[in-house]
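These notes concern the structure reproduced below.
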Amino acid sequence: MNTKGKFFDPPKILVSGFALIIFAGALFLMLPIATVDGRGLPFLDALFTATSATCVTGLVVVDTGTTFTLFGQLTILTLIQVGGLGFMTFATLFAFLLGKRISLKERLVLQEALNNLTIEGIVRLVKRIFIFTVIIEGIGGVLLSIRFAFDMPLGRAIYFGFFHAISNFNNAGFDLMGEFRSLTGYVDDPVVSLVVPVLIILGGIGFIVMNEVYEYRQTRRLSLHTKVVAMTTAWLLLVSMGLVLLLEWNNPKTMAPLPLSGKLLSAFYQAVTPRTAGSNTLNIPDLTQPTLFLIIFLMFVGASPGSTGGGIKTTTLATLLGAVWSQVRGKEDVVLYRKRIVYDTVYKSLTVTMSGLFIVMLVTMVLTITESGKDFLMILFEATSAFGTVGLSMGLTPELSPFGKIIIMLTMFAGRVGPLTIAYAVTLRRQPDPFRYPKGKIMIG
């Protein structure tokens, strides 16, 4: 047996790599120079913050803007960037700079990390990921810096602009505004309320989609994956924006005092941010219960494969809806855009969804025990936010018990790496079944 291959396959490398980065980040955040009080964070809080940053979630037990020094904030920002793009992507960049050749094993790990279907063109895709990232974060950082310059000194505005651009493109949701306010002070500001959601959307559609759109002028072709991602994302945004408007229009704590433009901007922002971003312009605890339930659903779905976001992914939702539609019509095949979806994809979609539901339900149940006395909806919201690596919170995170923090950390890690990747990492190498059992029938429905 090849022991080396057994213990160092792509899922194991990804799980161990993310874990090492988290622990390294926690050690940096424990240093006295990382916090304003000169004491450093306690180990559990440092580990929680590092996990949240590396898993690009945004749930925080301490306020980022007032707790950390410049060193601490830059540590968090580095963890966000590495966690968003993936540590293997950065390892490949360093290999480029050193003139090293990317081995087949490294290409396989990249394929797993980026959720790509094949290893063909994977190195070229990594190069373009950095180009896309620099351009998008650069433009977003400049636009936000110009806007923030009207409210603060120029140097601070530039720092705030690029921090929030990087944080939101990576779907992290960390902010520097202080007092856990996020971006609520810019609820009806057109620049912030449009630039930030665009950054979130671009970070959440996936680099594979970006690359195909970039190459469209030459290929004149978009894959089924890109079409499904684009259509599902568009429908989720339009429907959720309309529902947020409907549910919050007369809410005196949220949209009621806003002008029409403010209502539209805030509805658009709140429709985008549950797709694993975590920043917000409306105060989350003030939202109506139907809106909170809608956000829970959006957080569970999350972004798209190969992106900086989490959740079960848009393609998973589309595949399951396609399967349901096929069953309702009495069709055997699942068809999207006149393409038959292979059964392996349908089974994987079902597995991912059921695994996600199981994790959210289990975490919610455990938190109702460890955080007794807290509202059930608040706990469910927190569990789903952690699994979807979103970062939105109804205010429970800073009040978590030590055991509750550990549970949420594990949930964020599972949501970022993926339940299937973790399962593959802790089990033996997958082998095909040596034989097939006879068919059996059970009654359904």
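The values are calculated or read from the model by the stated rules, or taken from the named source; none is laboratory data. Since the model is a prediction, treat every value here as computed from it, not as a measurement. Note that each Cβ is placed from the backbone with ideal geometry, even for glycine, and that neighbours are counted across all protein chains shown. In case anyone asks, the SASA skips ligands and DNA or RNA and just uses the protein heavy atoms, side chains included. Shrake-Rupley method; radii C 1.70, N 1.55, O 1.52, S 1.80 Å.
The table below gives the values:
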quantity	calculated
Of all accessible heavy-atom area on the chain, the percent that carbon and sulfur account for (1.4 Å)	67
Value at 222 nm in deg cm²/dmol, rounded to 500, when DSSP H runs of n ≥ 4 in the chain each add -39,500 (n - 2.57)	-20500 deg cm²/dmol
Accessible area, probe 1.4 Å, largest first, for residues Ile407, Ile444	Ile444, Ile407
Per-residue SASA entry for Asp37, accessible area with 1.4 Å probe, Å² rounded to 10	100
List Ile166, Ile80, ordered by accessible area with a 1.4 Å probe, largest first	Ile166, Ile80
Cα centre as origin, Lys/Arg/Asp/Glu Cβ charges: the chain dipole, Debye	2040
Which of Arg338, Arg275, Arg107, Arg39 is most accessible, then next, and so on - probe 1.4 Å	Arg338, Arg39, Arg107, Arg275
Helix runs (DSSP H) in the chain reaching 27 Å along axis by Cα, Kyte-Doolittle at least -0.5	10-29, 122-148, 224-248, 343-370
Average accessible surface area per residue within the chain, 1.4 Å rolling probe, Å²	49
For the stretch 256-414: relative contact order, % (alpha-carbon pairs under 8 angstrom, 6 or more apart)	25
Length-normalised contact order of the chain in % [C-alpha pairs under 8 Å, at least 6 apart]	18
Val134 - accessible surface, heavy atoms, 1.4 Å probe, Å² rounded to 10	100
Pairs beyond 22 Å (Cα-Cα), from Lys127/Lys348; Lys127/Lys313; Lys313/Lys339; Lys313/Lys348; Lys331/Lys441; Lys12/Lys339	Lys127/Lys348; Lys127/Lys313; Lys12/Lys339
Solvent-accessible surface (1.4 angstrom probe) belonging to Tyr216, in square angstrom, nearest 10	90
